[in-house]
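Remarks on the structure that follows.
The values are calculated or read from the model by the stated rules, or taken from the named source; none is laboratory data. All of these numbers come straight from a predicted model, not from anything done at the bench. As a convention, Cβ positions derive from the backbone with ideal geometry for all residues, glycine included, and neighbour counts pool all protein chains shown.
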Ligand code: HEA
Ligand code: HEA
Ligand code: CUA
Ligand SMILES: [Cu+2]
């Protein structure tokens, strides 16, 4: 036992966690008595410090930092015997593990757990909105419901699940044995569950969960009860996690590509994650800062956003929105670009054709990255900011439709004269194409200021949100999960259940979120638990359809679990794909490759006899084959 | 396929234009914005339908037939000409739309002659409207109902007393945030008589959903008389004998009507009260908490909600301004009514 | 965490453990920059953005709202802070000295350099805290106060992180780690430390001088 308490793991984590809480008490009491604050013991202060300290202490105990402590102290570090690699039993998924494939699965499964939680909250939202007046939650709980719903689905589902899928396939795709910084990778994963549980835990905070939406506008967020602090801190953990992962991806992509894998031979998924990681590294610090401001205002009495002071000393309320959206608009592309990557992979393989205009696909990604930083204020058209800013923002926002359009059209052209295998991943990919286009177009309407002036903060926005995030991101995620399921688990999913899942989702989704455009234009504001009689009909319809979506998700969950446990064995390359991850066994060997492969051609040379992407030879041996498939990607 | 696309788009546009998307057009701005929206529909429906048609066509034409399991598609890597086209065309389309949008924006925000000013103040969770220098002797007139003369341009100057709110009249189409520390502005010209909802569109806390009031567009004449009445009523109304009369039926009945309708936001928007048939849960269920409470307590709870906070509820939720937005008679009626309810 | 990224790579087989015994195949190196340095540079990019956000706050208060700076009735100890700046800058020089020494196997230079760097950094932090105590206004007095404490505090935090890194390096230096051949463990924290210094110059000139 004593040994267990000293060795990294849950036991040591438990007591260091307790230690962290103790530390919180100690620190606050010490400081408050020093500053002569009274009462010396203040619950909120303790809770705030504990929220930050306890998780860190836990990670230390759990073993997140062990290696580095040894390193720092100059002790001989434990010989890395790669016991950390691969997972023998399900238990191995519950400890620090440095294998990118294990981490990838940890990420994916965790974030899908949070999809269920967030979706469950959505079901409660819909149940409350089924009829006007209040059904079974009061206004405060309702505000909590959609705030947590959105925060969890954005910060704990969409963003990390992409990181998870990429974690699994990206190193394989570029022929790397692992990520550049495996231990950092493990750490950034373990920051996630902490953030998620913190958000859920906020429901048990005195005064209820945080209830200022996922945007947490000041000064509302600085006035709300302690539950808000759970959001403020949780976002820091989630943010740190995604910055570290992004950094890891960038370094891996730049420094660990297989010989012959030039940038113009990288699969578009790699390109997509490259662009996304750039966005994350540059933008995420801004939301961190915005929440620092709120935290300082809340707990240390700073005045970034307080306005009741002496003339010339007032804070600036709009500053919060500028800083927040300077992250959160790029964030919407952080939530979409990896999806674009997934779709490119799937369409090429399932249409048995090269991606149309490969280079433009890559360039448009980069274009979106750049433009993405120039449009944040389109979320502030009615915020009362200086009115001249609106015009340039309207134009840049509209222009973003161009690179995105290039992608959509190129995907269509990729379908043209292909041989379409209409199985589940392909269905979701096509579903994405159609639904995202609709969501994007409603986005362009929102860019048109006079329209936004009317529909901002209405259900039209809610509709847009879900067409791009559900019909866009989530569809690509489903597609990707079905597509790589054989690779990740070594088993096949159930095709009929998959198709059922698609059709239920597709129909239910449109019946749920389509009508929201109408009630939005008709004047139903968002974020309300009660609404005017005239919207009753549509809302009931929406609620009922939303349960269909809910049930469809259950079909998916059942399919995944049962297939993972008892599905038919999958071959190494069931889709006859060219990219490297399919050239190794399913699931891949512990160290990915016995010898790093050599890349001799483009990733999507389908339809060209004898074309290969990578081969397991040294560059020297590989040369001749190279001439076969390296064609200019546009003619 | 092109033919198909054109037909489908035509049908789509026809359908979309027949749907009545918007609430009533009650201002010149509304007319402009609705027209702009229709133009957007006409532009974007072909885009959407186009994508759909291509997808469906490919699914129908190029789907894998039995026996083609190992067949591959035609290795087309790209085609510079089409790529240029589908970059340039949307770009031009969008620039065009933006220019048009700019024109419309300019029109709906243009200052107009002989426009009047209304100061709008949002606070958790109620609006107050102030008509500067309209009352007797240039005194400002305040009201909790927005009265506007038809066809007279008006500029709203919006402020906030606490957190961010958003002043929106859907039928006018215009909205702007009420930001603490700023005065934000917009203009409308009401064009249609009637009663419209004033909605708070920015999440501002517990009572956000309840922050609803009324706007009346009336004839200039009616507006004058209303203004005159307000100007007279400005300042404490002569203490009506109402309060002294025992909580008689008529007074209580009036109180009930204030509770459910004339107070703004209405009490029913936040309170459940079986007798008044309201079911909201932002505030306590008055039917229960008021059991055995006396008139004094009730009066205080209405005039200074924060004096005593019902347990389980936060302060600063119930609007503190009923004392000023409700006439003395109304308050008396309310108290009498609630007292009667509490007694039973 | 940076220390982590430095050590956490398969490539650093020299950190007193063997990664490659029965491990994965050595990754192919597709770039001239080594992962550790690149990682640190990217990390610094996001650090710069954090400061960027705080400078946005500064910008909105001082430029957009055009409020007096510093707030009425307060002034900033420009001189003291100036001396402090000098201290921090000199620490950059000693850091550089330590690095060059290790590069040509001068162990004394390495240890002395690291130690002085650490001490200079610590002095800076001490003076900074002392300044807070005597400066005569609090964060909640005015938005300017909040921004001042926000920016300098954020930088202080980074000095602290930097110091922890330096401490690690110093310890290892005295335990005889690092050679002319393998000194990334000194180089990479060094980069971070130089970043902290440069950042201070920006903070100092925009908050105190301008
Ligand atoms: C995955 C996430 C995602 C994505 C990809 C997008 C994409 C876009 N979004 Fe959206 N957006 C959100 C998530 C997303 N958004 C969220 C969550 C909010 C609400 C935040 C909140 O809670 O307040 C929001 C809000 C939001 C607003 C603010 C509304 C308001 O609050 O007042 C605006 C305004 O301009 C906007 C615009 C756009 C535009 C122009 C795009 C463009 O990138 C779309 C481009 C794509 C296409 C246009 C389709 C394909 C293109 C073609 C087929 C070419 C031809 C097309 C034309 C010529 C039109 N979005
Ligand atoms: C990726 C992001 C994402 C996803 C996937 C969803 C999914 C859903 N969302 Fe959400 N939503 C947002 C992001 C997302 N949402 C954001 C950003 C906002 C803005 C919040 C704000 O204003 O701050 C929002 C706001 C929002 C609102 C507006 C609230 C308001 O403004 O008052 C509504 C209302 O209907 C809603 C509904 C739904 C529904 C029905 C689903 C469904 O698709 C969910 C389907 C999934 C499940 C149901 C889970 C699986 C099933 C189970 C766990 C079993 C239980 C099922 C049953 C009991 C049937 N969402
Ligand atoms: Cu006021 Cu919402
Ligand atoms: Cu945006």
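What about residue A:434, is it away from ligand 3 (no atom under 16 Å from the Cβ), surrounded by fewer than 22 Cβ atoms within 10 Å (Cβ to Cβ) and facing chain B (nearest Cβ under 10 Å)?
Numbers: away from ligand 3 (no atom under 16 Å from the Cβ): yes; surrounded by fewer than 22 Cβ atoms within 10 Å (Cβ to Cβ): yes; facing chain B (nearest Cβ under 10 Å): yes.
Criteria met by residue A:434.
So, residue A:295, is that one more than 15 Å from ligand 2 (Cβ to nearest atom), under 18 Å from residue A:45 (Cβ atoms) and modelled with pLDDT of 90 or more or not? Walk me through how you get there before you give the answer.
Values: more than 15 Å from ligand 2 (Cβ to nearest atom): yes; under 18 Å from residue A:45 (Cβ atoms): yes; modelled with pLDDT of 90 or more: yes.
Yes, satisfied.
Can you list the helices (runs of 4 or more DSSP H) lying wholly within region B:258-344 that have 1 or more residues being in contact with a helix residue (DSSP H, G or I) (Cβ under 7 Å, 6 or more places away or on another chain) and buried (at least 22 other Cβ atoms within 10 Å of the Cβ)? Don't jump to the end; show me each part of the working.
Working: elements: B:286-289, B:295-303, B:322-325, B:328-343.
Correct list: B:286-289, B:322-325, B:328-343.
Within the bounds of region C:172-182, is there any residue that is surrounded by 22 or more Cβ atoms within 10 Å (Cβ to Cβ) and under 20 Å from residue C:80 (Cα atoms)?
no
Suppose the filter is at positive phi and out of contact with any strand residue (DSSP E or B) (no Cβ under 6 Å at 6 or more places or on another chain); does residue A:164 pass it? I'd like the intermediate steps shown before the answer.
Values: at positive phi: no; out of contact with any strand residue (DSSP E or B) (no Cβ under 6 Å at 6 or more places or on another chain): yes.
Judged against the criteria, residue A:164 is not a match.
Looking at region A:87-100, which of its residues are in a helix (DSSP H, G or I) and at pLDDT below 90? Walk me through it before giving the result.
Initially, region A:87-100 is screened for residues in a helix (DSSP H, G or I), giving A:90-94, A:100.
Correct list: A:90, A:91, A:92, A:93, A:94.
Has region B:130-151 got any residue that is touching a residue at least 24 places away in the same chain (Cβ under 8 Å), in a loop (DSSP other than H, G, I, E, B), within 16 Å of ligand 3 (Cβ to nearest atom) and surrounded by 17 or more Cβ atoms within 10 Å (Cβ to Cβ)? Show your work before the answer.
Pass one, region B:130-151, residues touching a residue at least 24 places away in the same chain (Cβ under 8 Å): B:131, B:134-136, B:139, B:141-151.
Narrowing further to those that are in a loop (DSSP other than H, G, I, E, B): B:134-135, B:139, B:144-145, B:150-151.
Of the ones still in play, those that are also within 16 Å of ligand 3 (Cβ to nearest atom) are B:144.
Then drop every residue that is not surrounded by 17 or more Cβ atoms within 10 Å (Cβ to Cβ), which leaves B:144.
Within region B:130-151, one or more residues are touching a residue at least 24 places away in the same chain (Cβ under 8 Å), in a loop (DSSP other than H, G, I, E, B), within 16 Å of ligand 3 (Cβ to nearest atom) and surrounded by 17 or more Cβ atoms within 10 Å (Cβ to Cβ).
Working only within region A:377-421, note down all residues that are in contact (Cβ under 8 Å) with a residue 12 or more places away in the chain and more than 14 Å from ligand 1 (Cβ to nearest atom).
The answer is A:414, A:415, A:416, A:417, A:418, A:419, A:420, A:421.
Could you give me the residue pairs with C-beta distances under 8 Å whose first residue belongs to region B:77-90 and is at the interface with another protein chain (Cβ under 7 Å from one of its Cβ atoms), whose second residue is exposed (fewer than 12 other Cβ atoms within 10 Å of the Cβ) and not in a helix (DSSP H, G or I) wherever it lies, and which are 6+ apart or on separate chains?
From region B:77-90, the pairs are B:77/A:632; B:77/A:635; B:78/A:635.
Looking only at region B:135-145, decide whether some residue is within 17 Å of the chain's Cα centre (by Cα) and at pLDDT below 95. Lay out the reasoning, then the answer.
Of region B:135-145, the ones within 17 Å of the chain's Cα centre (by Cα) are B:144-145.
Checking the rest, the ones that are also at pLDDT below 95 come to B:144-145.
Yes.
Anything in region A:347-378 that is more than 14 Å from chain B (Cβ to nearest Cβ) and either within 24 Å of residue A:415 (Cβ to Cβ) or more than 16 Å from ligand 4 (Cβ to nearest atom) (or both)? List them, or say none.
As a first pass, look at region A:347-378 and keep what is more than 14 Å from chain B (Cβ to nearest Cβ): A:365-366, A:369-370, A:372-374, A:376.
Listed by number, the residues that qualify are A:365, A:366.
Residue A:571: farther than 29 Å from residue B:173 by Cβ, touching a residue at least 12 places away in the same chain (Cβ under 8 Å), outside any helix (DSSP H, G or I) and more than 16 Å from ligand 4 (Cβ to nearest atom), yes or no? Can you show your working first?
Working: farther than 29 Å from residue B:173 by Cβ: yes; touching a residue at least 12 places away in the same chain (Cβ under 8 Å): yes; outside any helix (DSSP H, G or I): yes; more than 16 Å from ligand 4 (Cβ to nearest atom): yes.
Yes.
Does region A:340-359 hold any residues that are in a helix (DSSP H, G or I) and buried (at least 24 other Cβ atoms within 10 Å of the Cβ), and which are they? Please lay out each step first, then the result.
The first filter runs over region A:340-359 and keeps only residues in a helix (DSSP H, G or I), leaving A:340-351, A:358-359.
Hits for region A:340-359 are A:340, A:341, A:342, A:343, A:344, A:345, A:346, A:347, A:348, A:350, A:351, A:358.
If you go through region B:183-210, how many residues are within 12 Å of another protein chain (Cβ to nearest Cβ), modelled with pLDDT of 90 or more and in a loop (DSSP other than H, G, I, E, B)?
Of the residues in region B:183-210, 5 are within 12 Å of another protein chain (Cβ to nearest Cβ), modelled with pLDDT of 90 or more and in a loop (DSSP other than H, G, I, E, B).
From the list A:37, A:73, exactly one residue is within 26 Å of residue A:248 (Cα to Cα), within 14 Å of chain C (Cβ to nearest Cβ) and surrounded by fewer than 17 Cβ atoms within 10 Å (Cβ to Cβ). Which is it? Steps first, please.
Values: A:37 fails: within 26 Å of residue A:248 (Cα to Cα).
Every option except A:73 fails the conditions.
What helices (runs of 4 or more DSSP H), lying completely within region A:424-539, carry at least 2 residues that are under 19 Å from the mean Cα position of the chain (by Cα)?
Values: elements: A:424-447, A:449-455, A:459-468, A:475-489, A:495-522.
Fully inside region A:424-539 and qualifying: A:424-447, A:459-468, A:475-489.
With respect to residue A:326, determine if the residue is away from ligand 3 (no atom under 16 Å from the Cβ) and farther than 30 Å from residue A:404 by Cα. Break it down stepwise before answering.
Working: away from ligand 3 (no atom under 16 Å from the Cβ): yes; farther than 30 Å from residue A:404 by Cα: no.
Here the answer is no, as residue A:326 does not meet what is asked.
Going by what's in this entry, would residue C:189 be described as out of contact with any strand residue (DSSP E or B) (no Cβ under 7 Å at 6 or more places or on another chain) and modelled with pLDDT of 90 or more? Walk me through how you get there before you give the answer.
Values: out of contact with any strand residue (DSSP E or B) (no Cβ under 7 Å at 6 or more places or on another chain): yes; modelled with pLDDT of 90 or more: yes.
Yes, satisfied.
Of the conditions (1) under 22 Å from residue C:198 (Cβ atoms); (2) more than 7 Å from every other protein chain (Cβ to nearest Cβ); (3) in contact with a helix residue (DSSP H, G or I) (Cβ under 6 Å, 6 or more places away or on another chain), residue C:52 clears all except one; give me its number.
(3)
Residue B:105: more than 16 Å from ligand 1 (Cβ to nearest atom) and under 30 Å from residue B:183 (Cβ atoms), yes or no? Steps first, please.
Working: more than 16 Å from ligand 1 (Cβ to nearest atom): no; under 30 Å from residue B:183 (Cβ atoms): yes.
In short, no.
Before we move on, is residue A:26 under 23 Å from residue A:205 (Cα atoms), free of Cβ contacts under 8 Å to residues at least 12 places away in the same chain and either in a helix (DSSP H, G or I) or within 14 Å of chain C (Cβ to nearest Cβ) (or both)?
Values: under 23 Å from residue A:205 (Cα atoms): yes; free of Cβ contacts under 8 Å to residues at least 12 places away in the same chain: yes; either in a helix (DSSP H, G or I) or within 14 Å of chain C (Cβ to nearest Cβ) (or both): yes.
So residue A:26 fits the description; yes.
Only one residue in A:187, A:191, A:165, A:170 is under 30 Å from residue A:615 (Cα atoms), within 14 Å of chain C (Cβ to nearest Cβ) and at pLDDT 90 or above, so which one is that? Write out each step before concluding.
Details: A:187 fails: under 30 Å from residue A:615 (Cα atoms); A:191 fails: under 30 Å from residue A:615 (Cα atoms); A:165 fails: within 14 Å of chain C (Cβ to nearest Cβ).
None of the others qualify; the one that does is A:170.
So, in region B:153-167, of the ones that are in a loop (DSSP other than H, G, I, E, B) and within 11 Å of chain A (Cβ to nearest Cβ), which residue ends up nearest to residue A:219 (Cα to Cα)? If you could, list the steps in order and put the result at the bottom.
Kept after step one, since they are in a loop (DSSP other than H, G, I, E, B), are these residues of region B:153-167: B:153, B:161-164.
Now narrow it down to the ones that are within 11 Å of chain A (Cβ to nearest Cβ): B:161-164.
Values: B:161: 11, B:162: 8, B:163: 6, B:164: 7 Å.
The selected residue is B:163.
State yes or no: is residue C:126 more than 14 Å from chain A (Cβ to nearest Cβ), under 17 Å from residue C:160 (Cβ atoms) and surrounded by fewer than 16 Cβ atoms within 10 Å (Cβ to Cβ)? Step through it out loud before you land on a result.
Numbers: more than 14 Å from chain A (Cβ to nearest Cβ): yes; under 17 Å from residue C:160 (Cβ atoms): yes; surrounded by fewer than 16 Cβ atoms within 10 Å (Cβ to Cβ): yes.
So residue C:126 fits the description; yes.
Does residue A:376 satisfy being farther than 28 Å from residue A:511 by Cα and buried (at least 23 other Cβ atoms within 10 Å of the Cβ)? Show your work before the answer.
Values: farther than 28 Å from residue A:511 by Cα: yes; buried (at least 23 other Cβ atoms within 10 Å of the Cβ): yes.
Against the criterion (farther than 28 Å from residue A:511 by Cα and buried (at least 23 other Cβ atoms within 10 Å of the Cβ)), residue A:376 qualifies.
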